[in-house]
Amino acid sequence: MIELKRIKELFRQLYSGGDPIYCFFSPGRINLIGEHIDYNGGYVLPLALSIGTYGLIRYRDDDIIQLRSLNADGEILINLSKDIKYDEQCKWSNYPCGVIKYLMDEGYSISGCDILFTSNLPINSGLSSSASIEILTGYMLLYRAFQDKINRIDLARLCQGAENEFIGVNCGIMDQFSIAMGKKDNAILLDCNTLQFKYIPVHLDKYSLIVIDTTKKRSLSNSEYNKRRIECEKVLHILRKHRNIENLCKAGIDDIYDYVGDDTLRRRARHVVTEQKRVLESVEMLKKGDVVSFGRLLAASHESLRNDYEVTGIELDTVVFEALNVEGCIGSRMTGAGFGGCAIALVENRTIDEFKKQVSKGYTKKTGLRADFYKCEISDGCRFIE
Ligand code: GLA
């Protein structure tokens with residue numbers, strides 16, 4: 001747990017000056033199921049976590065923004081009357097800087113402020129630390145004028161735009177949306193085509209969701225991610241010669257066998273279409289309280305991401321394999337973009353300790369890496385704390 005009092009003290013030491021200092025929280029996210037289909041117009045099922053990024057802010061009456069993070073070196077100074085540019089040297093600050101720039105470009109009137117970030121999310125591990133800091137920055141800056149009337153969906157869209165264009169990662173809307181719109185004890189069934197959504201209560205009976213960090217930092221992810229998107233666009237282009245479909249998630253499996261000749265493209269598309277089906281089935285299973293069938297769908301999703309979409313890698317495959325081998329684990333899969341980062345597992349409560357022990361042992365033996373575990377608690381989206 002973050003000690004806000006201590007962080008406020010640090011804030012006062014780093015930036016002289018008085019009160020008020022406001023505190024905000026922005027969660028990380030996991031995606032229960034529906035991976036790599038947000039940018040194909042599909043349904044996804046993410047949720048906001050109780051771990052995330054904290055932001056302390058003191059508003060100023062000039063055009064200067066100062067940014068610091070307790071998780072990284074360096075102080076960033078922004079003059080709002082000058083153009084904000086991407087900075088190769090200081091990677092983390094590009095996320096808040098991009099959002100500030102996009103807010104101003106959209107015509108919001110932004111005033112100066114001093115900000116201190118701190119996070120208890122493992123960085124670069126697929127729990128969306130970047131979308132978390134993006135939404136947090138936007139939320140804190142808009143709070144001065146709008147308080148709890150901030151339009152969260154507009155903010156999610158704006159932050160996605162900043163990530164696509166300012167950072168250069170062509171991500172979908174899922175991460176920003178779930179971090180802005182999360183609801184305690186619920187997952188969000190989001191139609192990424194229309195942004196219509198429904199909250200789905202997550203009752204897991206005698207099971208818990210465990211997040212397993214492979215501690216393999218996500219590598220290759222941006223270039224491979226963008227490559228997958230291009231492959232999906234190619235398939236859509238082929239299918240549209242024969243069928244009038246809005247996006248790849250609207251295709252049927254027969255369309256893919258009938259019209260897509262290239263083996264790689266066919267497998268990519270098969271993942272998209274079958275994953276879409278698994279999301280809708282998962283929602284039915286969760287509504288019925290059939291946690292065991294939901295677990296099977298998680299495992300099937302991982303298989304598809306490994307064999308057809310090829311975004312897992314040795315670390316995620318090993319951790320999922322080890323997890324499924326433990327008695328009491330009824331489902332496991334990678335979550336997020338893949339290529340390292342985190343997996344999730346559905347584990348019977350009475351075996352959680354044994355689960356951690358066995359997965360740790362097997363994983364370290366095969367990869368030489370350490371696995372970290374978090375019990376997933378589902379929280380509300382980005383918010384003002386005090
Ligand atoms: C990343 C992206 C999301 C989504 C997932 C994969 O987290 O930011 O938009 O595409 O990967 O499902």
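Residues of segment 243-250 include none that is among the β-branched types (Val, Ile, Thr) and either crowded, with 18+ Cβ neighbours inside 10 Å or assigned to a helix (DSSP H, G or I) (or both). Given the structure, is ILE115 within 24 Å of LEU49 (Cα to Cα), of a type outside the set (Asp, Glu), within 16 Å of the ligand (Cβ to nearest atom) and touching a residue at least 60 places away in the same chain (Cβ under 8 Å)? When the stated conditions are applied, ILE115 does not pass them.
Of all residues in segment 152-172, those being touching an Asp or Glu at 6+ places or on another chain (Cβ under 7 Å) and part of a loop (DSSP other than H, G, I, E, B) number 3. For segment 318-345, filtering for residues that are touching a His at 6+ places or on another chain (Cβ under 8 Å) and surrounded by fewer than 22 Cβ atoms within 10 Å (Cβ to Cβ) leaves 0.
If the requirement is being surrounded by 17 or more Cβ atoms within 10 Å (Cβ to Cβ) and under 28 Å from ILE51 (Cα atoms), which of these qualifies: TYR199, TYR225? Please lay out each step first, then the result.
Details: TYR199 fails: surrounded by 17 or more Cβ atoms within 10 Å (Cβ to Cβ).
Unique residue meeting the criteria: TYR225.
Within segment 289-308, which residues are buried (at least 23 other Cβ atoms within 10 Å of the Cβ) and of a type in the set (Ser, Thr, Tyr)? Of everything in segment 289-308, just one residue is buried (at least 23 other Cβ atoms within 10 Å of the Cβ) and of a type in the set (Ser, Thr, Tyr), namely SER301. In segment 326-379, counting only strands (runs of 3 or more DSSP E) that sit wholly within it, the ones holding 1 or more residues that are on the phi < 0 side of the Ramachandran plot, within 16 Å of the ligand (Cβ to nearest atom) and of a type outside the set (A, V, I, L, M, F, W, C) span 329-334. Across segment 156-185, which residue is farthest from the ligand (Cβ to nearest atom) among those that are without any contact (Cβ under 8 Å) to a residue 60 or more places away in the chain and crowded, with 21+ Cβ neighbours inside 10 Å? Among them, the one singled out is LEU158. Which of the residues that make up segment 186-196 are within 15 Å of the ligand (Cβ to nearest atom) and of a type outside the set (Val, Ile, Thr)? Correct list: ALA187, LEU189, LEU190, ASP191, CYS192, ASN193, LEU195. Consider segment 118-151 and keep the residues that are within 16 Å of the ligand (Cβ to nearest atom) and among the β-branched types (Val, Ile, Thr). The one that is surrounded by the fewest Cβ atoms within 10 Å (Cβ to Cβ) is ILE123.
Rule-based calculations on the coordinates, nothing more; no lab input. Bear in mind the structure is a predicted one, so any value in this text is a computation, not a measurement. Here the Cβ is made from the backbone with ideal geometry for all residues, glycine too, and neighbour counts use every protein chain on show.
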